[in-house]
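Every read-out reported here was derived from the displayed coordinates using simple, explicitly stated rules and does not represent laboratory data. Just so we're clear, the structure is a prediction, and the values are computed from it rather than from any experiment. Here the Cβ positions follow ideal geometry from the backbone for every residue, glycine too, while neighbour counts run over all protein chains shown.
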Ligand SMILES: [Zn+2]
């Protein structure tokens with residue numbers, strides 16, 4: 001099943017429908033109905049299916065169907081063809097996160113024949129890797145149902161250790177609109193790049209403050225909220241006072257750190273630059289656009305879903321990670337969630353991504369223990 005799934009090129013920019021259709025047909029053969037939730041262009045879809053009774057919550061196993069690009073990466077073998085070497089399986093998505101999906105699908109015959117007392121739901125999403133886009137419409141579809149899943153386990157690669165918290169992220173684009181002038185007449189222009197630079201410097205000052213003064217949570221690496229500017233564009237020629245500049249920045253915040261306080265701080269600082277800019281040109285301004293938000297995840301160790309993941313994995317403790325997942329969205333929607341899946345995030349997104357066979361086995365054991373728990 002892993003081999004079958006990695007052969008679908010589900011890089012986020014591509015359609016994922018070939019994979020989704022394959023899964024739908026596969027479930028169909030076991031008389032399991034799938035609900036597909038399409039994107040606007042009907043190029044992509046989430047898939048949701050329930051096995052067992054439909055009148056109660058149950059356990060949702062969830063994974064994203066998309067993978068990151070292989071562009072400019074130096075692979076030793078075809079990234080879309082599973083390559084067993086030693087005790088590892090190499091392919092794009094082998095760790096992040098098609099092996100988990102494959103194990104859950106491979107166990108469908110067991111789910112069906114064991115006659116479940118508590119339902120198991122299977123959820124596949126699209127466009128996780130480009131900002132958790134697909135999960136939003138899946139959650140809307142779940143909210144419209146009479147019963148929603150009671151718990152969720154997302155099989156992102158955690159080496160089968162239950163992860164109960166991750167940072168959230170917030171991305172913004174800042175547009176600085178200045179006023180063009182000949183570069184010999186700087187007093188008649190408003191330099192958009194220089195205003196942008198002042199805002200960026202303020203952002204890195206906030207980042208320094210977080211690094212030095214916290215808040216801190218030592219379970220994360222790094223143990224504080226981070227901010228950075230990642231893209232900038234502006235100006236046309238060195239002898240023209242630049243009229244436009246825009247830049248993209250993001251923060252990755254601890255679950256306990258409120259990102260809107262940080263955003264407000266940046267906006268307040270930008271507002272202090274306006275009087276001087278507008279004294280030269282009334283039309284000058286600075287605007288912010290939120291481009292993406294991913295909710296932080298933060299479950300408590302005594303929650304049922306955490307205890308379940310500990311029992312199924314046999315792990316003796318929980319962890320926290322800095323990479324974002326769809327978990328925060330499910331939690332926000334009232335579905336308690338943990339992250340627990342095979343493989344390591346260290347191998348994800350890189351050339352020669354692989355999963356160790358031992359991890360696949362541990363994932364199979366995890367699902368088998370789940371079946372024991374929920375069968376009649
Ligand atoms: Zn992932």
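Taking 119, 146, 215 as the candidate residues, the one with maximal mean-square fluctuation in a Gaussian network model of the chain, Cα springs under 10 Å, is 146. Pick from 136, 243, 171 the residue whose mean-square fluctuation is largest in a GNM of the chain, springs joining Cα atoms under 10 Å. Comparing 136, 243, 171 in a Gaussian network model of the chain, the most mobile one is 243.
One Cα centroid belongs to region 145-171, the other to region 48-62; the line between them spans 16 Å.
Restricting to the chain, what percent of DSSP beta bridges are antiparallel, rounded to 5? Percentage antiparallel, nearest 5: 75.
Calculated from DSSP H runs of 4 or more alone, at -39500 (n - 2.57) each and per residue, what is the 222 nm mean residue ellipticity of the chain, nearest 500? Could you put the intermediate results ahead of the total?
Values: 10 runs with 120 residues, N = 376.
So the helix-based figure for the chain works out to -10000 deg cm²/dmol.
Anyone know which of 60, 277, 97 comes out most mobile in the 10 Å Cα GNM of the chain? Among 60, 277, 97, the largest GNM mean-square fluctuation belongs to 277. Per residue, the convex hull around the alpha carbon atoms of region 253-364 comes to 153 Å³. With both labels modelled 7 Å from their Cα along Cα-to-Cβ, the residue 332 to residue 292 distance reads 1.4 nm.
Normalise the Cα radius of gyration of the chain by 2.2 N^0.38 Å (N = residues in it) and let me know the number. The reported ratio for this selection is 1.13. For the pair residue 236 and residue 271, a Förster radius of 22 Å applied to the C-beta separation gives a FRET efficiency near 0.25, rounded to the nearest 0.05. The ratio of the alpha-carbon radius of gyration of region 176-250 to the globular-protein estimate 2.2 N^0.38 Å is 1.47.
Placing a pseudo-label 7 Å from each Cα along the Cα-to-Cβ vector at residue 77 and residue 182 gives an inter-label distance of 6.7 nm.
Based on Cα coordinates alone, diagonalise the gyration tensor for region 307-376, multiply each eigenvalue by 5, take square roots, and list the semi-axes in whole Å, largest first. If you can, show how the numbers build up before the last one.
On the way: eigenvalues 97, 74, 23 Å².
Rounded to whole Å, the semi-axes are 22, 19, 11.
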